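Trainee: Quick one: this structure, given as structure tokens, is what I'll be asking you about.
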Amino acid sequence: SLGYQDVLSHERTSPATSYKELQGWSSDQNKWNEKLYPFWEEGDPRWKDSWKGGRVTAKLDTDSPALVGSNVTFVVTLQFPKCQKENNDGNIIHKRNCTQDPPASQDQQVYVYNWTEWIDSCGWENCTSNHSHNVFPDGRPFPHYPGWRRRNFVYVFHTFGQYYQTTGRSSATFSVNTANITLGKHVMAVSIYRRGNSAYVPIARARAIYVVTDKIPIFVTMFQKHDRNISDSIFIKDSPITFDVKIHDPSYYLNNSAISYKWNFGDGSGLFVASGSTTSHTYTLQGNFTLNLTVQAIIPVPCRPVTPTPPLPTSAVPTGASSNSDTSTPVESMEDNPDGGCHIYRNGYYRTGISVVEGILEVNIIQMMSIQMTESQAENSLVDFVVTCQGSLPTDVCTVVSDPTCQVSKSVVCDPITVTDECLLTIRRAFEEPGTYCINITLGDDTSQALASALISVNGGSSSGTTEGVFIFLGLLAVFAAIGAFVLYKRYKQYKPIERNAAQAENQEGLSAYFSNFKAIFFSSSTERNPLLKSKPGIV
């Protein structure tokens, strides 16, 4: 006769040479009822007939890595052939409007497996006929759940020479405590059977790798408002970086623990200890730095009985013995708390390299001028924007024209620029129709970007027409969200330069703009029909 080990060992789970007993699990040396639960090798032709309409597949997921002592959870989900699903009664039916043979009426269901009909004729105690067997492969009875009639699948999990079995519907979830699982990478396997006429039928197998560790699993995200690409580990000097630490603890094992965060930013600023998971730091020097973080958790646990140990005789200690002769490293350390309890120390570590460079820190629009056109050139109203910036010199400029609320983008134009001395440039924009517009001008380089916003009122574009309003200084930056800016700068459009005509005169009378502080929201849009930039020293 077969044993569980014979049936489940083909999954190549973690070896059972030395293991501690898992609570609620059984040894795979137990006997397996092959008559009630047949075992098929992979490639056996009987697999083709194990399910009506095709093969069932299983997906096994886990929330590992798991800190030793916490719970690791597994979720197995069955994926049925096309057009099949499980209904509320636990039976398998065909989806509506999916099969070639629709039901006679909309209320009629087409069953793949109607297990309710099989077991409705008997109660729990009498359901051991040819249609139902409420026992596991080792002969143990099924748990008598209130909804046991809807649980028509048997799941047998296997790891570390032990197995766990349960009944369920088309998905099953269970957790196992990792206190008795050795550290490292392991394999969890599951075999799934369905209810059959005279026996249970194997339908799918799956496996998943899980990790048990004595280091707290942590993840760190970094954000800087001027940073153009948050994933390249390149940040801007003199601008704060926000660090957010996430501890992977899905079973809430550390909920009652005292957690501290020890930061070393690698720039000589010293060690910073915080009790919160979020902090910020500003690098004031350029260069490459190594960030080190240690997260420590003090976990309260019940104290073990203290057994007095008699001191060793003085003669037992050889003269000149080395103080580090004992090289054993305990997996965990316990200390008595003042309140009489005990605790375990666990640490998690994070280390990464950071590059700090100059970046664009501020953009200001300092002047706007309307450009009067001749009769033959009066198709558009032209406005020059004089822009300055602080920090590094920009390599590209982008202008966005939106509605007065700065919510709906009307046109987006981006173009590379060359600034060799100071950051002072003039951007000429064409407006086809009169109206009030929100203007966002963004300057960027390889690592950073910043923008300035303005609200401008434009009247007609004839030779006698002017742009009217009041000029107000915009005193505050607004900055792109990093991802939005990255997409925006990839959409460069070529400007069409023009030569100035002697008849053209700059007229600042009647020019008006209402500046205010905005953060623009950008959307994909068509490029305006005649974007115009003047190219000569000092003007873009």
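The values are calculated or read from the model by the stated rules, or taken from the named source; none is laboratory data. All of these numbers come straight from a predicted model, not from anything done at the bench. Methodologically, a virtual Cβ is constructed for each residue, glycine included, from the backbone with ideal geometry; neighbour enumeration extends over all protein chains shown. All accessible areas refer to the heavy atoms of the entire protein, side chains included, with ligands and DNA or RNA removed. Shrake-Rupley method; radii C 1.70, N 1.55, O 1.52, S 1.80 Å.
Trainee: Asn292 passes all but one of (1) free of Cβ contacts under 8 Å to residues at least 40 places away in the same chain; (2) surrounded by fewer than 16 Cβ atoms within 10 Å (Cβ to Cβ); which number fails?
Mentor: (1)
Trainee: Checking Gln224 against (1) modelled with pLDDT under 95; (2) out of contact with any Pro (no Cβ under 8 Å at 6 or more places or on another chain), which test does it fail?
Mentor: It is condition (2) that Gln224 fails.
Trainee: Any residue that is surrounded by fewer than 21 Cβ atoms within 10 Å (Cβ to Cβ), in contact with a strand residue (DSSP E or B) (Cβ under 6 Å, 6 or more places away or on another chain), closer than 21 Å to Asp227 by Cβ and not assigned by the TED database to the domain that holds Phe223 - is there at least one of those in region 398-413?
Mentor: Scanning region 398-413, I find no residue that is surrounded by fewer than 21 Cβ atoms within 10 Å (Cβ to Cβ), in contact with a strand residue (DSSP E or B) (Cβ under 6 Å, 6 or more places away or on another chain), closer than 21 Å to Asp227 by Cβ and not assigned by the TED database to the domain that holds Phe223, so the answer is no.
Trainee: Out of all the residues in region 212-222, which are open to solvent by 30 Å² or more (accessible area, probe 1.4 Å) and touching a Gly at 6+ places or on another chain (Cβ under 7 Å)?
Mentor: Lys215, the sole residue that qualifies.
Trainee: Can you tell me which residue is most open to solvent (accessible area, probe 1.4 Å) among those in region 341-357 that are out of contact with any Phe, Trp or Tyr (no Cβ under 8 Å at 6 or more places or on another chain) and of a type in the set (Val, Ile, Thr)?
Mentor: Across region 341-357, the extreme among qualifying residues is Thr352.
Yes/no per residue for (1) farther than 30 Å from Asn71 by Cβ; (2) modelled with pLDDT under 95; (3) in contact with a helix residue (DSSP H, G or I) (Cβ under 6 Å, 6 or more places away or on another chain); (4) of a type in the set (Val, Ile, Thr):
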| residue | (1), (2), (3), (4) |
| --- | --- |
| Pro240 | yes, yes, no, no |
| Val245 | no, no, no, yes |
| Asn256 | no, yes, no, no |
| Gly270 | yes, yes, no, no |
| Thr284 | yes, yes, no, yes |
| Asn288 | yes, no, no, no |
| Leu291 | yes, no, no, no |
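Trainee: Need pairs with beta-carbon distance below 8 Å; first residue polar (S, T, N, Q) and within region 137-152, second part of a loop (DSSP other than H, G, I, E, B) and surrounded by fewer than 16 Cβ atoms within 10 Å (Cβ to Cβ); sequence gap 6+ or separate chains.
Mentor: Going by the 8 Å Cβ cut-off, the qualifying pairs are Asn152/Arg169.
Trainee: Which of the residues that make up region 398-449 are of a type in the set (Ser, Thr, Tyr) and either in contact with a helix residue (DSSP H, G or I) (Cβ under 8 Å, 6 or more places away or on another chain) or under 30 Å from Val357 (Cα atoms) (or both)?
Mentor: Hits for region 398-449 are Thr399, Thr418, Thr420, Thr426, Thr442, Thr447, Ser448.
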